[in-house]
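Each remark here refers to the structure printed beneath this line.
The values are calculated or read from the model by the stated rules, or taken from the named source; none is laboratory data. As the structure is a prediction and not an experimental result, all values here were calculated from the model. Glycine also receives a Cβ, built like all others from the backbone with ideal geometry; neighbour counts cover every protein chain displayed.
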Amino acid sequence: MILAIETSCDDTCAALLSIDGALRSSIRSSQAELHERFGGVVPEVASRRHLELVEPVVREALREADASLDDVTLVAATQGPGLIGALLVGLTAARAIAYARDLPFAPVDHLHGHVAAVALAPEPAEPPFCCLLASGGHSLLLDVPAHGRLDVLGGTLDDAAGEAFDKGARLLGLPHPGGPALEELARGGDPHAFRFPRPLAGRPGCDLSFSGLKTALMLRVRDIADDLPQHRADLAASYQCAIVDSLCDRAMRAVAASGRDVFSVVGGVAANGALRTALTDACAARGVRLALVPPALCVDNAAMIALAARHVEPLAPADYLSLDAYARSPLLSGRAIA
Ligand code: KG4
Ligand code: ZN
């Protein structure tokens, strides 16, 4: 069995996966409430909370899987990208467990983890496929030719899609994390009430951009400051609709560029209902099969880290003790990673 730990941001997660790929347990302890009063994740606060939570979360994952550490044959953890202090807690805890039991250890890239979650879709997809990874820190259009390989087709020129949701939510006075709160508010609004730009829509390529959209919302909020309360739901719905349209437009360009006939969407923003509906329609119109991952496996979790670990060369104890966490994705320095 694989034991995986994920602590790259503000969720403390552990999961157990059978070697054949069956998910035995996945525990996620969110720190959202702790960070709410700061309006965003405070890295040092996140690290300290991970320290308190990592052991109980691993115990809970073992309990739910009806397993003990004796059943574990491989330990995995997220190495990066993410908050360094937060990553180090999970990485160190996982290696300590592995070292004490003389087990191999698999360091996993968080973005590879998100993409690996496609294996747990109700109708799972195997590579090759084309994929949108939209989270709080990243927005990438990827070609996935094989397990453990990601080729970048396009990425954001400024903010990530999740960041656009979070910053928009803050402008509308919504609590952190902004994505789910904005989606909830948008349910009662008219997506056509306000006209927002669709950044880069119709332009060639698969890159994304959200900073202009965020500025447009900021100006609208300022313009109607006195009447904001009665327009909040319409603003949320219209702003969400612009993000979704933009993601869909660029995603369908990526599908065409990759020539793949299977598409998936992963990362926290993939939990968004409006995006799921729009991609379902867009893929159906093009005869592309859409593999939708359950929302709980779109947001950060350790099941995806365990899945990705199956395609990582495991390290022996002497080789993993000196491993360091990394903050930035290697995908962003080059446009392909094997
Ligand atoms: O993948 P994730 O859990 O963490 C990162 O790797 O960043 O993604 C978190 C992001 C946050 O920006 C959050 O607001 C966004 O995903 N998110 C959503 C929804 N659920 C989470 N955005 C829009 N609608 C949602 N339902
Ligand atoms: Zn993530």
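Which ranges mark the helices (runs of 4 or more DSSP H) fully within region 158-276 that have 1 or more residues being of a type in the set (Ser, Thr, Tyr)?
211-223, 228-258
Give the residue, chosen from Ala251, Ala193, Ala216, Ala201, that is among the hydrophobic types (A, V, I, L, M, F, W, C), outside the structural domain of Glu33 (by TED's automatic domain parsing) and touching a Cys at 6+ places or on another chain (Cβ under 9 Å).
Testing whether each residue is among the hydrophobic types (A, V, I, L, M, F, W, C), outside the structural domain of Glu33 (by TED's automatic domain parsing) and touching a Cys at 6+ places or on another chain (Cβ under 9 Å) leaves just Ala251.
Give me the pairs, please: first residue somewhere in region 284-312 and in contact (Cβ under 8 Å) with a residue 24 or more places away in the chain and within 16 Å of Val144 (Cα to Cα), second residue anywhere and among the charged types (D, E, K, R) and part of a helix (DSSP H, G or I), beta-carbon distance under 7 Å, and either six or more positions apart or on two chains.
Final answer for the pair search is Leu292/Arg276.
Which one is nearest to Arg48 (Cα to Cα), of the residues in region 1-33 that are within 13 Å of ligand 1 (Cβ to nearest atom) and hydrophobic (A, V, I, L, M, F, W, C)?
It comes out as Cys9.
Restricting the search to region 268-315, which residues are surrounded by fewer than 17 Cβ atoms within 10 Å (Cβ to Cβ) and away from ligand 2 (no atom under 16 Å from the Cβ)?
Hits for region 268-315 are Gly273, Thr277, Thr280, Asp281, Ala284, Ala285, Arg286, Gly287, Arg289, His311, Glu313, Leu315.
For region 265-289, which positions are touching a Lys or Arg at 6+ places or on another chain (Cβ under 9 Å) and under 17 Å from Val115 (Cα atoms)?
Hits for region 265-289 are Val265, Ala270.
Report the residue count in region 73-91 for those that are more than 15 Å from ligand 2 (Cβ to nearest atom), farther than 11 Å from Ser47 by Cβ and surrounded by fewer than 22 Cβ atoms within 10 Å (Cβ to Cβ).
Residues meeting the conditions: 2.
Given the condition within 12 Å of Thr12 (Cα to Cα) and either out of contact with any strand residue (DSSP E or B) (no Cβ under 9 Å at 6 or more places or on another chain) or surrounded by fewer than 18 Cβ atoms within 10 Å (Cβ to Cβ) (or both), answer yes or no: does some residue in region 30-40 qualify?
Checked region 30-40: at least one residue is within 12 Å of Thr12 (Cα to Cα) and either out of contact with any strand residue (DSSP E or B) (no Cβ under 9 Å at 6 or more places or on another chain) or surrounded by fewer than 18 Cβ atoms within 10 Å (Cβ to Cβ) (or both).
So which residues in region 207-253 are buried (at least 16 other Cβ atoms within 10 Å of the Cβ), over 16 Å from Ala186 (Cβ atoms) and polar (S, T, N, Q), if there are any at all?
Ser209
Among the residues of region 172-184, write down those that are more than 15 Å from ligand 2 (Cβ to nearest atom) and surrounded by fewer than 23 Cβ atoms within 10 Å (Cβ to Cβ).
Within region 172-184, Leu172, Gly173, Leu174, Pro175, His176, Ala181, Glu183, Glu184 qualify.
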